[in-house]
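Bear in mind that the values in this text are calculations on the coordinates, not laboratory data. Only a predicted model underlies this, so the values are computations on that prediction, with no experimental measurement involved. Backbone-built Cβ (ideal geometry, glycine too); neighbour counts: all protein chains shown.
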Amino acid sequence: MPSETSVLDALAATIVSRTSIRPKVGVVLGSGLGAFGDALEQTIPYADLPGMPVANVAGHAGNLRLGTVGGVGVACLQGRIHLYEGHDPTTVVRGVRLLARLGCGAVVLTNAAGGIAPGLGAGDRMLITDHLNLTGKNPLTGPLLAPSPSQTAADPSSLRFVDMAGAYDRKLAELAHQAAHDTGSVLREGVYAGLVGPSYETPAEVRMLRGLGADAVGMSTVLEVIALRQLRVRVAAISCITNLAAGISEAPLHHADVQAVSNRTAAPFVALLGRLVALTGKELGE
């Protein structure tokens, strides 16, 4: 069975051979948030990339999109895979590790989430400032990936015992707020709790999460952030609040409603992401 390092190297080599775009910023699009990727010039379906797990959840198109935004090369995962589909943590984070292999020095993650904090409503956007990993999983367990050239001089123990303080880059957070201002969007801030799913949380679990300090809850993102932090890739993450968590709203929760809210608010979110990607490219020196 090939090592994860060899799988990633082969994937990156295949993509580089099929495009002239050299991305510096990566974007990951969550449930119903694929509209940003539709504007990018090149499409490579995951199914055409041996070793790339195929997204099977409604609202996740399953494409690698490549293009430029504001003159910045972008690689966009139009859909992700999840633990609840039966994948192991290493496979779940393969996509973001691939973005790093392709040269992305920063990645903007997005997700659909349930709102817990008072005042958060469907259609709001929340910049993630920290997270609670309540999945019981970690992508750094098992054999270590071979370090990238930028990591070879580092203390080897730092690749195993990764410092998660500052995982959500402060400068990129400032740029996210600037992008929101520039595009006329309101951007809240908060802590994201990542759970396995796929069942939604019970009202008691939501009360627990509120007590732990969570402002929103979802089923993705946290493992990707851990993997990117290990690779020293800068991260910004934004939740689209698509529903109120169980017990806060009396309405039953349905995935179709999550997609509907994401689709309805797609235009301002696409504008916000586009501006953030352009600003991030400048921050990286593009």
* Top of T14, T183, T68 by mean-square fluctuation, Gaussian network on the chain, Cα under 10 Å -> T14
* Candidates L109, L212, L77: whichever shows maximal mean-square fluctuation once the chain is modelled as a Gaussian network with Cα springs under 10 Å -> L212
* Asked: Once you treat every alpha carbon in the chain as an equal point and sum by Debye, what is log10 I(q)/I(0) at q = 0.08, 0.10 Å⁻¹?
  -> -0.30, -0.47
* To do: Determine the shape class of segment 68-207: with a ≥ b ≥ c the square roots of the Cα gyration tensor eigenvalues, call it rounded for a/c under 1.5, and otherwise prolate if a/b is greater than b/c, oblate otherwise.
  => oblate
* Structure fact -> Here, segment 1-133 modelled as identical Cα point scatterers in vacuum has Debye log10 I(q)/I(0) at q = 0.10, 0.12, 0.15, 0.19 Å⁻¹ of -0.33, -0.47, -0.73, -1.14
* Asked: According to a simple spin-label model (label point 7 Å from Cα along Cα-to-Cβ), what is the distance in nm between V196 and A39?
  -> 3.8
* Structure fact -> Within the under-14-Å Cβ sphere about L11, not counting L11, Lys/Arg +1 and Asp/Glu -1 give a net charge of +1
